Amino acid sequence: AVIARAMQGEPVVVECTVRSASGEEILCEAHLIGVPSTSGRLVCGRLVDIGERKAADAELARLASVVRFAHDAIIVTDLAGRVTIWNAGAETLFGLPAAQMLGRTTDVMLPPGDLDLRIELRHRVIDLGESVDLVDRLWMRRDGASICVSASLFPIRDGEGNVTGVGTVARDVTE
């Protein structure tokens, strides 16, 4: 059926496993298409090794599950300080749903007077590439209540190692 579709000129992509000359099985995508020839149509194609991509996709799904279901607050901000990730733990800890925080800064959670500390911490994480542990700092919940939070801040890096944001893992340590 796949070859018949390709023979009709329809571009077809299918996953398959091929065996290399050394006997190793390789997960591939076969890209096929029929092209006119003097004897009718030929099916031309190419194989693309997708094993690494599939493994990377599986790892991303696993990490996304960790972030999604962690009880600790996991927050990621971009270089401008805007929230790009706000997990269910953050919703519970701070009383703010992700829909209200995505695209906004975390300034609403800082007690008055902590802006200088935030600037210093972002400098250490973004400019110096440091990871920083904050133990027993006051943060604000949506309802205005102060909570004592232990947090770790760390640089988020792209594939080339450039810092693209700040990650925070926070936990309520209020007694």
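The values are calculated or read from the model by the stated rules, or taken from the named source; none is laboratory data. Since the model is a prediction, treat every value here as computed from it, not as a measurement. Glycine also receives a Cβ, built like all others from the backbone with ideal geometry; neighbour counts cover every protein chain displayed. For the accessible areas, the whole protein counts, side chains as well, though only heavy atoms, and no ligand, DNA or RNA atoms are used. Shrake-Rupley method; radii C 1.70, N 1.55, O 1.52, S 1.80 Å.
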TODO: Go through (1) closer than 30 Å to Arg142 by Cβ; (2) among the β-branched types (Val, Ile, Thr); (3) in contact with an Asp or Glu (Cβ under 7 Å, 6 or more places away or on another chain) one by one and return the number of the condition Ile74 breaks.
DONE: (3)
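Results for (1) within 30 Å of Asn87 (Cα to Cα); (2) touching a helix residue (DSSP H, G or I) at 6+ places or on another chain (Cβ under 8 Å), shown as yes or no for each residue.
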| residue | (1), (2) |
| --- | --- |
| Val14 | no, yes |
| Val18 | no, no |
| Ala21 | no, no |
| Glu25 | no, no |
| Ala56 | yes, no |
Open item on the list: Within segment 123-135, does at least one residue satisfy the condition of being more than 23 Å from the chain's Cα centre (by Cα) and either open to solvent by 70 Å² or more (accessible area, probe 1.4 Å) or in contact (Cβ under 8 Å) with a residue 24 or more places away in the chain (or both)?
Closed with: yes
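Filter segment 83-107 down to residues that are closer than 21 Å to His71 by Cα and among the β-branched types (Val, Ile, Thr) and give me whichever is farthest from the chain's Cα centre (by Cα). First the steps, then the outcome.
Start the filter on segment 83-107 by keeping residues that are closer than 21 Å to His71 by Cα, which leaves 83-102, 106.
Among the residues that remain, those that are also among the β-branched types (Val, Ile, Thr) are: 83-85, 92, 106.
Values: Val83: 13, Thr84: 10, Ile85: 8, Thr92: 21, Thr106: 19 Å.
Among them, the one singled out is Thr92.
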- [ ] List every residue pair whose Cβ atoms sit under 6 Å apart, with the two residues 6 or more apart in sequence or on different chains, where the first one lies in segment 162-175 and is in contact (Cβ under 8 Å) with a residue 24 or more places away in the chain and the second, anywhere, is outside any strand (DSSP E or B) and of a type in the set (Val, Ile, Thr).
- [x] Val163/Ile126; Val166/Val125
